[in-house]
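The values are calculated or read from the model by the stated rules, or taken from the named source; none is laboratory data. Since the structure is predicted, the reported quantities are computational estimates derived from the model, not experimental observations. As a convention, Cβ positions derive from the backbone with ideal geometry for all residues, glycine included, and neighbour counts pool all protein chains shown.
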């Protein structure tokens with residue numbers, strides 16, 4: 001996601017809700033794809049967001065799921081996602 005006027009907050013960085021929405025989209029797509037391949041359905045019941053710094057420039061969302069654990073029910077699914085500075089962005093942005 002690239003920083004734009006519409007995504008900015010009064011502190012001249014990308015708004016926290018825009019970052020949260022991006023993370024929710026990416027993690028939701030990951031979980032839905034994983035559950036679909038196993039014939040499962042589910043509803044996200046918890047979403048936790050921690051912010052460590054202002055987001056500026058281009059950010060990327062990365063979702064990860066531990067596929068080494070067998071998934072028997074949707075309740076056992078747990079994944080993590082991160083929204084971080086894109087690799088081609090410098091820390092000075």
> Can we say residue 61 is in a loop (DSSP other than H, G, I, E, B), in contact with a helix residue (DSSP H, G or I) (Cβ under 9 Å, 6 or more places away or on another chain) and at pLDDT 75 or above?
Replying inline: no
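Identify all residues within the range 1-49 that are assigned to a loop (DSSP other than H, G, I, E, B), in contact with a strand residue (DSSP E or B) (Cβ under 7 Å, 6 or more places away or on another chain) and without any contact (Cβ under 8 Å) to a residue 12 or more places away in the chain; write none if there are none.
Quick first cut of the range 1-49, residues assigned to a loop (DSSP other than H, G, I, E, B) only: 1, 3-4, 9-13, 15, 38-49.
Among the residues that remain, those that are also in contact with a strand residue (DSSP E or B) (Cβ under 7 Å, 6 or more places away or on another chain) are: 1, 3, 15.
Listed by number, the list holds a single entry, 15.
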